[in-house]
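Novice: My structure is below; once you've seen it, I'll send some questions.
The values are calculated or read from the model by the stated rules, or taken from the named source; none is laboratory data. A quick note: this is a predicted structure, and the numbers were derived from the prediction, not measured. Glycine also receives a Cβ, built like all others from the backbone with ideal geometry; neighbour counts cover every protein chain displayed. Quick note on the areas: whole protein, heavy atoms, side chains included, nothing else; ligands and nucleic acids left out. Shrake-Rupley method; radii C 1.70, N 1.55, O 1.52, S 1.80 Å.
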Amino acid sequence: MRKVLSIIIPILICFFVGLTASYFQADAIKNWYPTLVKPALTPPNIVFPIAWSIIYICMGISIGLIINSAIEQKRFFVKAFIMQLFFNFTWSIGFFYFQNPLIGFINILLLDIFVINYTLKSYPVNKASSILFIPYVAWLLFATYLNGYILMFN
């Protein structure tokens, strides 16, 4: 039971962080975001919660596998996970709440670094944990492109 909770709790934490961030971005998504010049590749708004739900599940399972493992660097990975989750949350604040694509872009570049670092460093110790972060890396790089485009053209 303890091993199952070590996976379920991180998943719930990821969703809680995402839900809390959505509170701060709701008004901007309705009133500010539609006015921005966005690239042709911008997906419809409905895609974002679907993608993030899948990513949050993968993220939670990833860190849960690390927590359940016997590796010595467990504390490092938990701290790295918390740091990327912090930057994940603060991106929404900078980009949407403050309606500032520059702050968002700086934040998402830091987030890219933390997520890619976690993905690469976890591979030798728990391949499944690393692989579960690949959808996050892909989505994040796409989000970085979207943020950069909005920064350049608005």
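Novice: Could you give each residue of the stretch 90-99 its phi-based ³J(HN,Hα) in whole Hz, using Karplus coefficients 6.51, -1.76, 1.60 with θ = phi - 60°, and x for Gly or Pro?
Specialist: For the stretch 90-99, the Karplus curve yields 6, 4, 4, 5, x, 6, 8, 5, 8, 6 Hz.
Novice: With θ taken as phi - 60° and the coefficients 6.51, -1.76 and 1.60, list the Karplus ³J(HN,Hα) couplings across the stretch 66-72 in order, rounded to whole Hz; mark glycine and proline as x.
Specialist: After applying 6.51 cos²θ - 1.76 cosθ + 1.60, I find 5, 4, 7, 8, 9, 6, 6 Hz.
Novice: What are the ³J(HN,Hα) values, in whole Hz, obtained from phi via the Karplus relation 6.51 cos²θ - 1.76 cosθ + 1.60 with θ = phi - 60°, for each residue of the stretch 26-33 in sequence order, with x given for Gly and Pro?
Specialist: 4, 5, 5, 5, 7, 10, 9, 4
Novice: Just to make sure I understand: if all protein chains stay in place, what is the order of Y23, Y118 by accessible area at 1.4 Å, largest first?
Specialist: Details: Y23 170, Y118 0 Å².
Ranked from most to least accessible, the order is Y23, Y118.
Novice: Just grab the label-to-label distance for I54 and A138, each label 7 Å out from Cα along the Cβ direction, in nm (one decimal).
Specialist: Placing both labels 7 Å along Cα→Cβ, they lie 0.7 nm apart.
Novice: Explain nothing, just the number: relative contact order of the chain, from Cα pairs under 8 Å at least 6 residues apart, as a whole percent. Kindly include the intermediate steps, with their values, before the conclusion.
Specialist: Working: 165 pairs, mean separation 48.5, N = 154.
Answer for the chain is 31 percent.
Novice: Relative contact order for the stretch 2-86: what is it in percent, counting Cα pairs under 8 Å that are at least 6 residues apart? Can you show the working numbers first?
Specialist: Values: 43 pairs, mean separation 45.8, N = 85.
That works out to 54 percent.
Novice: Using a 1.4 Å probe, what is the accessible area per residue for the stretch 1-139, in Å²? Write out the running numbers ahead of the final one.
Specialist: Details: 7810 Å² over 139 residues.
Roughly 56 Å² per residue, with all protein chains present.
Novice: When the label point is put 7 Å from the Cα of L36 along its Cα-to-beta-carbon vector, which residues of the stretch 132-154 have a backbone N closer than 14 Å?
Specialist: Those under the cut-off are 142-154.
Novice: Considering only protein heavy atoms and a 1.4 Å probe, what is the carbon-and-sulfur percentage of the accessible area of the stretch 1-80?
Specialist: On the way: 3560 of 4980 Å².
Of all accessible area on the stretch 1-80, carbon and sulfur atoms account for 72 percent.
Novice: Mind checking the dipole of the chain: about its Cα centre, +1 per Lys or Arg Cβ, -1 per Asp or Glu Cβ, Debye to the nearest 20?
Specialist: Details: 9 positive and 3 negative charges, 84 e Å.
So the magnitude is around 400 debye.
Novice: Placing +1 on the Cβ of each Lys and Arg and -1 on the Cβ of each Asp and Glu in the chain, which of F48, S92, L19 has its Cα farthest towards the positive end of the resulting dipole?
Specialist: The Cα lying farthest towards the positive end belongs to L19.
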